[in-house]
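**Student:** Starting off with a structure, shown below.
The values are calculated or read from the model by the stated rules, or taken from the named source; none is laboratory data. Treat the numbers as computed from the prediction; the structure is a model and nothing was measured. As a convention, Cβ positions derive from the backbone with ideal geometry for all residues, glycine included, and neighbour counts pool all protein chains shown. Quick note on the areas: whole protein, heavy atoms, side chains included, nothing else; ligands and nucleic acids left out. Shrake-Rupley method; radii C 1.70, N 1.55, O 1.52, S 1.80 Å.
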Amino acid sequence: MYFIGIDISKYKHDCFIVSSDGETPFGVFSFRNDKQGFEMFLDRLNSLNSSEEKRIGFESTSHYSLNLMLFLENHNLTFMEFQPALISQYRKALTLRKTKTDAIDSKTIARWLMNVDYKPYPHSFYHNYSLKSLTRLRFYLIKQRTFYLIKLTDILDHIFPEFKPFFNNNLGAAALHILEKYGSPIKIAAMRTTSYDDLRRISRGHFSMQKFLELRELAKNTVGVSNHIFEVELSAILRLYCQLNSEISAIEDEISQLTLELDRPILTVPGIGIQSAAVILSEYGDISKFKSPAQMLSFAGLEPGYFQSGQSEHTGHMVKRGSSHLRCAIMNCCLPLIQYNMTFAEFYAKKRSEGKPHRVALSHVAKKLIRVIYTLETTNQPFDASKLR
């Protein structure tokens, strides 16, 4: 058996191959991150004993390894990714010297492969990778949209501080239309009754004539400062905010299509929407790789720290390692679950009655949810609330 450790970087990759007998046929060598480099790497692999199994491993390094992963899959070669933190700790356990090079890392990965269970990526990994890319892009754009929303609020506090409270601190379609078309208290105060028809249509009748008249009156008597510069800033930020809204909607449509194509049991759990399910599925990948719900909990960084030394033994805070996107999605799913599912609601109430704060009790609900997801996905059965306990 051959163990092949690859240290991934942007322009070239370092590789070390060692057999189960300890033989190193090539030593450490590098190959470029292009077609010629990949073919040279493949030639080295083909020169090895074809009857021996080849196990390939490398660290998870964002998108830098994607082309290599696709190349390996196209040539029917399996591979496995590791958390960089694991390789770092393993390297430190091998030596006290503070030396780190790409060559050393490739050797460390190959040695690490010899000591762990080999769990290669499934053939559908590219579908999951596409889903992960889209869900992370959506997360980033939502953060950007929140930033622009804060900037909008800051500007409105200067020119029309009564505007956002009037809409219950929500900038819905009607509020955005007013800001986009009029953009200042003076213009809003001068709105004619003919403008109401557009607002009624956009709000689907929720924006009444009475509210329209109240808003005009507020604009006439606002304590805000009329300033051309603020209006220019408002117009610019508003365009960016609306553009992000449009882009997020388009990305969510793509995510929904990819997720529905998977047709996974997690989609049958009430309280888990398509967008949340997409994050959970893409971040976990192949759930069959996990031997237990505890491993899934650890992968998400939702488990508590544990410390024991001599007679001292205690648990610590949530470790929060792994994907923050995954943790966020799971924790957000817990809120509708405790509102609409009796079993989860009773479990949450039980933890609260034990004196646990809201967030701690919610983390226990998250653990229970992960156990449910693990069971559904590994047994390929739909959610059945009557089986919960």
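**Student:** What do you reckon, how do S235, S62 stack up by accessible area (1.4 Å probe), largest on top?
**Tutor:** Descending order: S62, S235.
**Student:** Which residue, chosen from I370, Q381, H13, occupies the Cα position most advanced towards the positive end of the dipole of the chain, where the dipole is computed from +1 (Lys, Arg) and -1 (Asp, Glu) charges on Cβ about the Cα centre?
**Tutor:** I370
**Student:** So with the 1.4 Å probe, I'd like the accessible area per residue for the range 191-346, rounded to whole Å².
**Tutor:** 57 Å²
**Student:** Extending each Cα 7 Å along its Cβ direction at K10 and N46, get the distance between those two points in nm, one decimal.
**Tutor:** 3.2 nm
**Student:** Could you name the aspartates and glutamates in cross-link range of K10, using Cα to Cα under 14 Å and dropping any fewer than eight places away on the same chain?
**Tutor:** Of all the aspartates and glutamates, those that pass the test against K10 - Cα under 14 Å, at least 8 places apart if same chain - are D34, E59, D102.
**Student:** Can you quote the Å³ per residue value for the convex hull of the Cα atoms in the range 181-264, rounded to an integer?
**Tutor:** Normalising the Cα hull of the range 181-264 by residue number yields 134 Å³.
**Student:** Just how far, in whole angstrom, is the range 314-389 from the range 122-198 if you go by their alpha carbon centroids?
**Tutor:** If you average the Cα positions of each part, the centres end up 31 Å apart.
**Student:** Relative to the first principal axis of the alpha-carbon coordinates of the chain, what is the inclination of helix 274-284, with its axis defined by its Cα atoms, in degrees from 0 to 90 and to the nearest 10?
**Tutor:** Taking the Cα atoms of the chain, the angle to 274-284 is about 20 degrees.
**Student:** Let me ask something else. Report the one residue of G57, Q89, G22 whose Cα lies farthest in the direction of the positive end of the charge dipole of the range 10-99 (charges on C-beta: Lys and Arg +1, Asp and Glu -1; origin at the Cα centre).
**Tutor:** Going by the Cα projections, it comes out as Q89.
**Student:** Looking at T108, F160, G172, which one has the Cα that reaches farthest to the positive end of the dipole of the range 87-192 (charges on Cβ: Lys, Arg +1; Asp, Glu -1)?
**Tutor:** With unit charges placed on the Cβ atoms, the residue in question is T108.
**Student:** Measure off 7 Å from each Cα along the Cα-to-Cβ vector at S353 and D384, then give the distance between these two points in nanometres to one decimal.
**Tutor:** With each label placed 7 Å out from Cα toward Cβ, I get 2.8 nm.
**Student:** Per residue of the range 72-82, what does 6.51 cos²θ - 1.76 cosθ + 1.60 with θ = phi - 60° give for ³J(HN,Hα)? Whole Hz please, x for Gly and Pro, Karplus curve as stated.
**Tutor:** Using θ = phi - 60°, the values come out as 5, 5, 5, 9, 6, 10, 8, 7, 9, 9, 10 Hz.
**Student:** Stretched out fully, how many nm does the piece from E162 to N74 gain, at 0.36 nm a residue minus the Cα gap?
**Tutor:** 25.6 nm
**Student:** Same structure, new question: Mind checking the angle between helix 35-46 and the chain's longest principal axis? C-alpha axes, 0 to 90 degrees, to the nearest 10.
**Tutor:** Helix 35-46 sits roughly 40 degrees off the main axis of the chain.
**Student:** For the range 116-199, take every pair of Cα atoms, bin their distances at 10 Å starting from 0, and report each bin as a whole percent.
**Tutor:** Histogramming the range 116-199 at 10 Å steps yields 14, 32, 19, 14, 11, 8, 3, 0 percent.
**Student:** Here's something else I'd like to know. If each of T95 and N67 carries a label point 7 Å out from its Cα toward its Cβ, how far apart are those two points in nm?
**Tutor:** Inter-label distance under the simple model: 3.0 nm.
**Student:** Quick check: convex hull of the Cα atoms in the range 71-218, volume per residue, rounded to a whole Å³?
**Tutor:** Expressed per residue, the convex hull around the Cα atoms of the range 71-218 is 227 Å³.
**Student:** Using a 1.4 Å probe on the protein heavy atoms, what percent of the accessible area of the chain belongs to carbon and sulfur?
**Tutor:** Here it works out to 51 percent.
**Student:** While we're looking at this one, here's another question. From the backbone phi of the range 226-239, what are the Karplus-calculated ³J(HN,Hα) couplings (6.51 cos²θ - 1.76 cosθ + 1.60, θ = phi - 60°) in whole Hz, Gly and Pro given as x?
**Tutor:** Computed from phi, the couplings for the range 226-239 are 7, 8, 4, 4, 4, 5, 5, 4, 4, 5, 5, 5, 5, 4 Hz.
**Student:** Could you rank R389, R97, R352 by how accessible they are, 1.4 Å probe, largest area first?
**Tutor:** So the residues, ranked largest to smallest area, are R389, R97, R352.
**Student:** How many angstrom lie between the Cα centre of the range 19-74 and the Cα centre of the range 80-106?
**Tutor:** Each part's Cα centre sits 19 Å from the other's.
**Student:** From zero up to wherever the largest Cα-Cα distance of the range 1-137 sits, split into 10 Å bins and tell me the percent of pairs in each.
**Tutor:** Histogram of Cα-Cα distances, whole percents per bin: 11, 44, 35, 9, 0.
**Student:** At a Förster radius of 35 Å, what calculated FRET efficiency corresponds to the Cβ-Cβ distance of V232 and Q83, to the nearest 0.05?
**Tutor:** After rounding to 0.05, the efficiency reads 0.15.
**Student:** Please list, in chain and number order, the residues 5+ apart from R321 or on another chain whose amide H is under 5 Å from its amide H, with Hs placed from the backbone.
**Tutor:** Under 5 Å from the amide H of R321: G301.
**Student:** In 20 Å bins starting at zero, report the fraction of Cα pairs in the chain per bin as a rounded %.
**Tutor:** Values per bin, smallest distances first: 21, 41, 30, 8, 0.
**Student:** Please give the calculated 222 nm ellipticity per residue for the chain, where each DSSP H segment of at least 4 residues contributes -39500 (n - 2.57) and the sum is spread over every residue; nearest 500 deg cm²/dmol?
**Tutor:** That comes out to -18000 deg cm²/dmol.
**Student:** If I fit a long axis through the Cα atoms of helix 209-220 and take the longest principal axis of the Cα atoms of the chain, what angle between them do I get, 0 to 90°, rounded to 10?
**Tutor:** 90 degrees
**Student:** Assuming R0 = 41 Å, what is the FRET efficiency of R192 and S256, from their Cβ-Cβ distance, to the nearest 0.05?
**Tutor:** That gives a FRET efficiency of 0.50.
**Student:** For the range 86-224, give the magnitude of the charge dipole about the Cα centre (Cβ charges: +1 Lys/Arg, -1 Asp/Glu; no others), in debye to the nearest 20.
**Tutor:** 740 debye
**Student:** Same structure again: Would you mind working out the magnitude of the charge dipole of the chain relative to its Cα centre, with +1 at each Lys and Arg C-beta and -1 at each Asp and Glu C-beta, to the nearest 20 Debye?
**Tutor:** Here the chain has a charge dipole of around 1080 debye.
**Student:** Under 14 Å from a point 7 Å along the Cα-to-Cβ line of K220: which residues of the range 192-213 have their amide N that close?
**Tutor:** 192-193, 212-213
**Student:** Further question on the same structure: Using a 1.4 Å probe and counting only protein heavy atoms, arrange L369, L258 so the residue with the most accessible area comes first.
**Tutor:** Per-residue accessible area, sorted high to low, gives L258, L369.
**Student:** Follow-up. From the cross-link list K181/K220; K320/K368; K291/K367; K100/K132, which pairs have alpha carbons spaced over 20 Å apart?
**Tutor:** Correct reply: K100/K132.
**Student:** Follow-up. Spelling out what I want: for every residue of the range 110-116, take phi, set θ = phi - 60°, compute 6.51 cos²θ - 1.76 cosθ + 1.60 (Karplus), and round to whole Hz; glycine and proline get x.
**Tutor:** With the stated coefficients, the range 110-116 comes to 4, 5, 5, 4, 6, 10, 10 Hz.
**Student:** Can you pull the accessible area of E23 for me, 1.4 Å probe, Å² to the nearest 10?
**Tutor:** Rounded to the nearest 10, that gives 120 Å².
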